[in-house]
Amino acid sequence: MAANDSSYKDRCPFWLAQSMKCQLSGGGLFIPLDDHIEVYCKTLHYPQCMQYAVHSVNHLEFMERNRQANRNRRKYERFDARYRVTLVRLAQSGQIASHYSTIGMTLDLSMGGMRLTTDKPLISDTIVQFSFEEFFPENLQDGTGQIAWCNKQIDEPGYQAGISFQDDHLIDAMGLYLEHYYHS
């Protein structure tokens, strides 16, 4: 019966023949014995293996979710863009927390945020007010964002950071700008 079903392979998809290991036994709770391997792992009868029946669906769903996440982690398309941007940290009240500003240079823009370089580290989850150069479109020159991440650059001095926009109006306006400017 299983041999006629084209979805079945000639051995269990979780059996690694070269290393003689079952991928479903990653936690060490199930290590197949030689007779189990001969009856299930290396034959068309693998769907009858209790470990396969219990864990394969969850394992395959996990692998597919991982594959999808790694294929496109980005919610919005990024566009290479080099603009000077000034950042000022905001307090929870929305007031300027410090008159100390940080200058950065964008590496790319998307509808939802920007990636930039700075000389100083930025603290994740901090809310900042940003201002682009004067020649940037007026309705996009200022906005608020949240520092999503910040990492020390390996090959160059300084830091790279990601900022997600916090204002729906800015997100929509940036989307229109990027679509017009980069797709025209």
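Checking 119, 125, 155, 142 one by one, the residue that is at positive phi and out of contact with any Asp or Glu (no Cβ under 7 Å at 6 or more places or on another chain) is 125 and no other.
Taking the conditions (1) open to solvent by 80 Å² or more (accessible area, probe 1.4 Å); (2) at pLDDT 80 or above; (3) under 30 Å from residue 178 (Cα atoms) in turn, residue 35 satisfies each one other than (3).
Considering (1) within 24 Å of the chain's Cα centre (by Cα); (2) free of Cβ contacts under 8 Å to residues at least 12 places away in the same chain, the lone condition that residue 135 does not fulfil carries the number (1). Given the conditions (1) in a strand (DSSP E or B); (2) touching a helix residue (DSSP H, G or I) at 6+ places or on another chain (Cβ under 7 Å); (3) not aliphatic (A, V, I, L, M), report the number of the one that residue 160 does not fulfil. Among (1) in a strand (DSSP E or B); (2) touching a helix residue (DSSP H, G or I) at 6+ places or on another chain (Cβ under 7 Å); (3) not aliphatic (A, V, I, L, M), residue 160 violates only (2). Considering each residue of the stretch 163-173 in turn, none proves to be assigned to a loop (DSSP other than H, G, I, E, B), modelled with pLDDT under 85 and surrounded by 13 or more Cβ atoms within 10 Å (Cβ to Cβ).
May I ask you to list the residues in the stretch 145-160 that are aliphatic (A, V, I, L, M) and either touching a His at 6+ places or on another chain (Cβ under 6 Å) or open to solvent by less than 30 Å² (accessible area, probe 1.4 Å) (or both)? Can you show your working first?
Narrowing the stretch 145-160 to residues aliphatic (A, V, I, L, M): 147-148, 154.
147, the sole residue that qualifies.
When residue 181 is tested against (1) among the hydroxyl-bearing types (Ser, Thr, Tyr); (2) assigned to a helix (DSSP H, G or I); (3) open to solvent by less than 90 Å² (accessible area, probe 1.4 Å), just one condition goes unmet, and that condition is (3).
Within the stretch 68-75, identify whether any single residue is modelled with pLDDT of 80 or more and open to solvent by 90 Å² or more (accessible area, probe 1.4 Å), and answer yes or no. Within the stretch 68-75, none of the residues are modelled with pLDDT of 80 or more and open to solvent by 90 Å² or more (accessible area, probe 1.4 Å).
The values are calculated or read from the model by the stated rules, or taken from the named source; none is laboratory data. Just so you know, these numbers come straight off a predicted model, no measurement behind them. Counting neighbours? That spans all protein chains shown, and the Cβs are built from the backbone with ideal geometry, glycine included. Surface accessibility is based on the protein's heavy atoms, side chains included, excluding ligands, DNA and RNA. Shrake-Rupley method; radii C 1.70, N 1.55, O 1.52, S 1.80 Å.
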